[in-house]
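First the structure, in the form of structure tokens, and then the observations on it.
The values are calculated or read from the model by the stated rules, or taken from the named source; none is laboratory data. Nothing here was measured: the structure is a model prediction, and the numbers come from that model. Note that we place each Cβ from the backbone using ideal geometry, even for glycine, and neighbour counts take in every protein chain shown.
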Amino acid sequence: MALGARLELRQGQGLVITPQLQQAIKLLQLSNLELEAYVDGELERNPLLQRDDRDNEAEPEVAARESEDFASDQIPDGAAEAQMDMSHDAESSPGERATGDSAEAGQAGGAIDWSRAGNGGSGFEDGEDMESRLSREKSLSDHLHDQLAAAGFVGPEAAAATVLIDSVDEGGYLRCDLSETAERLGCDLTFLEDVLRMLQGFEPVGVFARDVRECLMIQLKDRNRCDPAMLALLDNLDLLAKRDMPGLRRACGVDDEDLKEMIAELRALTPRPGASFGGEPSQPVTPDVYVREGLGGMWNVELNTDTLPRLLVDQRYHARVAGAARTEQEKVFVSDCLTSANWLVKSLDQRAKTILKVASEIVRQQDGFLAFGVEHLRPLNLKTVADAIGMHESTVSRVTSNKYIATPRGLFELKFFFTSGIASTGGGEAHSSESVRHRIRQLIDAENTEIDVHSDDRIVEILKETGVDIARRTVAKYREAMRIPSSVERRRMLKEAV
């Protein structure tokens, strides 16, 4: 067979991720603190970049004109704020009250600087920086969130658990008032206490305690050593600190030998269960977006302009240094600086507008939570939001990571609002998973005698009669997640109680 060289032409398609696109992707997923650090570095590297210290309202015409140059698919020009209809129609469901589309409902409350608007169209499709995620030392918060994802929490229960996890300090203690948190979330205190009890079963043992006594008690329960004598010892930790052994013996009702063993057992526990986890120290969270109740039944959604870097390209300085450039290397350097500066400003522009667009759609979807509380969270996923605003799911995923929204019910990460749902037997709107769990709990709480106890199969039948299409294994999973015994065990417990 003869060998020879020949020239062939082939046509194909492929995705080329340019350095500029990589930069845009990186900016989109950065938190506001990380973005500020990144911009500071660019300001040091690029002499053509400078901070824009002008008043937001100073040059609205210039801002709008420069934004129009590249914003082809965006919220209306100059929109720093979107208003969502929040009229509470008594005949509509909580999830149906928001009627404004975030891509069309933006209303300018004043011109926005052009480095803080942007293209709200197609997003960035590259993957996340997995290497940096995997190399980062896991924090206690990461560890707890991982367990939450594996525990099967869904809907409002998962949302409440997320709020409690975010209230845990580095030592593993819960630093929030349950009554205030329940009021803020619009849920019953009993519901929140049930969620807390489930979270106190997470690792490391002792987390989510509200004081040292509770922390040690959780650890003793895990070792099956929380007997009356130990409880008495925990109730008198002040005597232990004073080394008042006679007082401790009387309080616990034990002799010297037993007391020594109890104290040794207590000292083997850890008063700071979260201290073994590393990771970066927690940083104060600043919201990227604000949601406020407006006039005429509207939710006002606006960017937090304090967290958005305001940059300008110094055209005068560029003209001066470009004219003074003599060598080819100098000309290339000046040209590269100008290209990089322009792209960074436009990338920041697009990042801000994309965050506003995604946040506005989330508010439109979850206005029931804002109005009535955590039990009115609608089933929501990334695809629903992405389809509504014409973006890719990966873009929505990046936007909702490390971005926070301040609402009348508190400060939440945007991912907080994504919940799973249960299908309806009639083909109607899906039921929130937590509302289904709540119904299961109500059915079981209503059991008074052995005859009234419902098996998982019977619960499935009852729920289907009310329009909830659910499988038996899902009922069992929800029941176990709520730490509710099986029907056999419940019958035995009711029999013993009689």
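Things to note:
- Wholly within the range 359-414, helices (runs of 4 or more DSSP H) carrying at least 2 residues that are touching a Pro at 6+ places or on another chain (Cβ under 6 Å) and surrounded by 18 or more Cβ atoms within 10 Å (Cβ to Cβ): none
- Taking each residue of the range 230-254 that is within 14 Å of LEU266 (Cα to Cα) and looking for partners that are of a type in the set (Lys, Arg) with beta-carbon atoms closer than 9 Å, six or more apart or interchain, yields LEU234/ARG213; ASP235/ARG213; LEU237/ARG213.
Conditions (1) part of a helix (DSSP H, G or I); (2) farther than 30 Å from CYS215 by Cα, marked per residue:
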position: LEU269; (1), (2): no, no
position: GLY274; (1), (2): yes, no
position: PRO287; (1), (2): no, yes
position: LEU295; (1), (2): no, yes
position: TRP299; (1), (2): no, yes
position: VAL332; (1), (2): yes, yes
position: LEU338; (1), (2): yes, yes
position: TRP343; (1), (2): yes, yes
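- Set VAL205, VAL195: member being crowded, with 18+ Cβ neighbours inside 10 Å and in a helix (DSSP H, G or I): VAL195
- Checking each residue in the range 167-193 for being charged (D, E, K, R), more than 16 Å from VAL374 (Cα to Cα) and touching a residue at least 12 places away in the same chain (Cβ under 8 Å) picks out ASP169, GLU170.
- Restricting MET217, MET245 to residues that are modelled with pLDDT of 90 or more, buried (at least 19 other Cβ atoms within 10 Å of the Cβ) and not small (Gly, Ala, Ser) narrows the list to MET217.
- Residue list for the range 21-54, restricted to those being in contact with a Ser or Thr (Cβ under 9 Å, 6 or more places away or on another chain) and free of Cβ contacts under 8 Å to residues at least 60 places away in the same chain: ARG45
- Restricting the range 475-498 to residues that are under 37 Å from the mean Cα position of the chain (by Cα) and not in a helix (DSSP H, G or I), the residue that is surrounded by the most Cβ atoms within 10 Å (Cβ to Cβ): MET482
- Exclusive hit being under 22 Å from ASP166 (Cα atoms) and aliphatic (A, V, I, L, M), set LEU348, LEU380, LEU356: LEU380
- Flag for ASP258 being among the acidic types (Asp, Glu) and either part of a strand (DSSP E or B) or in contact with a helix residue (DSSP H, G or I) (Cβ under 8 Å, 6 or more places away or on another chain) (or both): yes
- Beta carbons closer than 7 Å, at least 6 apart along the sequence or on distinct chains, pair a first residue in the range 196-220 that is in contact (Cβ under 8 Å) with a residue 12 or more places away in the chain with a second that is surrounded by fewer than 18 Cβ atoms within 10 Å (Cβ to Cβ) and acidic (Asp, Glu) for VAL205/ASP222.
- Evaluation of ASP306 against (1) surrounded by 16 or more Cβ atoms within 10 Å (Cβ to Cβ); (2) assigned to a helix (DSSP H, G or I); (3) in contact with a Ser or Thr (Cβ under 9 Å, 6 or more places away or on another chain) (one fails), failing number: (1)
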